[in-house]
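Here is the structure we will look at, set down as structure tokens.
The values are calculated or read from the model by the stated rules, or taken from the named source; none is laboratory data. Here the structure is a predicted model, which means the values were calculated and not measured. Methodologically, a virtual Cβ is constructed for each residue, glycine included, from the backbone with ideal geometry; neighbour enumeration extends over all protein chains shown. Areas reflect the complete protein model, heavy atoms only, side chains present, ligands, DNA and RNA absent. Shrake-Rupley method; radii C 1.70, N 1.55, O 1.52, S 1.80 Å.
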Amino acid sequence: MKVLIFNAYTTGQNHKLENPLSAEDCRSSGRLKSRIKELCGFNEEGWYSKDRDYRLPAGEMFTGPMSTQLREGLKLIREHEDYGKTTVDLYYPWYYCRVDEKREPVNEKDIVIPFDTAPLHELEILELGENGVPERTIELLERYDLVFSLLRPDDIQSLQRVFEVERSVPLIFLLPKSQRKAVNEDLPNVHVVETGRDLQKKLRTSNYALKGVVMRRLFEAACRDGFQVFEDIRKNPQIILDVIV
């Protein structure tokens, strides 16, 4: 089984800069290229300085509580002797921070630079046929047998055209009750597993870390009880709440 985790970017990043990549930088291709070059350690004359090189794989860049918990879980399951027939991949939705400038979802191994996440709260809906991003995102999700979304409502809204497509792949959103309206649960294979304050108390964690803790504990359960748990969840997503507590 192939499992995909679609994760949200976090403000916490390995490099804390006063001037990371900003929304203003992304409005012109020339400006974007210049800023990427600068944050990769090169000055205007092309001279390189290691001290100004802020590149990292996406899976290592983000240091927020959710990302930290998720990484712990991924490390645990990937080191398990049964890992291989079942695999877990991590992707992020937004692409402007990619060093290679490709307009497609970011794999955890893709190299990115630090950026200001605040503008992500103001993104418009990406329409089909405009820049190909929704289409490539749909293609990515369809390559998996099971998809978990840890995205925020703003991310989900901007990728609305992606998530409203009918699909054969079960897509599980982790969301508190107050945010369920961000998802159209009438679509086939779209599910919401409620997080929120009650679950937060049960797991004794913070709201910021909660979704990462859910995934870590799910991976712990798979390592303890067998990877069949992913097939069980694919058939009935709501058992996640039983598996992790």
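Figures for the structure shown
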quantity	calculated
Residue within segment 160-179 that is touching a Phe, Trp or Tyr at 6+ places or on another chain (Cβ under 8 Å) and part of a loop (DSSP other than H, G, I, E, B) present	yes
Check on LEU126, in a strand (DSSP E or B), open to solvent by less than 50 Å² (accessible area, probe 1.4 Å) and in contact (Cβ under 8 Å) with a residue 24 or more places away in the chain	no
Single condition GLU104 does not satisfy, out of (1) open to solvent by 30 Å² or more (accessible area, probe 1.4 Å); (2) more than 16 Å from PHE173 (Cβ to Cβ); (3) touching a residue at least 60 places away in the same chain (Cβ under 8 Å)	(3)
Sole residue being in contact with a Lys or Arg (Cβ under 9 Å, 6 or more places away or on another chain) and either open to solvent by 50 Å² or more (accessible area, probe 1.4 Å) or aromatic (Phe, Trp, Tyr) (or both), chosen from GLU139, GLU194	GLU194
All positions within segment 23-32 that are open to solvent by 10 Å² or more (accessible area, probe 1.4 Å) and either touching a helix residue (DSSP H, G or I) at 6+ places or on another chain (Cβ under 6 Å) or closer than 18 Å to VAL106 by Cβ (or both)	ALA23, CYS26, ARG31, LEU32
Matching residues, segment 197-238, being over 22 Å from LEU90 (Cα atoms) and either hydrophobic (A, V, I, L, M, F, W, C) or touching a Cys at 6+ places or on another chain (Cβ under 6 Å) (or both)	LEU199, LEU203
Among the residues listed as LEU171, LEU187, the single one being among the aliphatic types (A, V, I, L, M), surrounded by fewer than 18 Cβ atoms within 10 Å (Cβ to Cβ) and either out of contact with any Leu (no Cβ under 8 Å at 6 or more places or on another chain) or within 29 Å of ASP82 (Cα to Cα) (or both)	LEU187
Extreme residue, surrounded by the most Cβ atoms within 10 Å (Cβ to Cβ), among residues of segment 72-93 that are within 13 Å of the chain's Cα centre (by Cα) and at pLDDT below 95	TYR92
Residue, farthest from THR11 (Cα to Cα), within segment 107-123, restricted to residues that are in a loop (DSSP other than H, G, I, E, B) and open to solvent by 50 Å² or more (accessible area, probe 1.4 Å)	LYS109
Residue match in segment 48-62 (condition: open to solvent by 80 Å² or more (accessible area, probe 1.4 Å), under 30 Å from ARG217 (Cα atoms), within 14 Å of the chain's Cα centre (by Cα) and of a type outside the set (Lys, Arg))	yes
Every pair of residues 6+ apart whose Cβ atoms lie under 7 Å, when the first sits in segment 182-199 and is at negative phi and modelled with pLDDT of 90 or more while the second is of a type in the set (S, T, N, Q) and not in a loop (DSSP other than H, G, I, E, B)	ALA182/GLN157; VAL193/GLN238
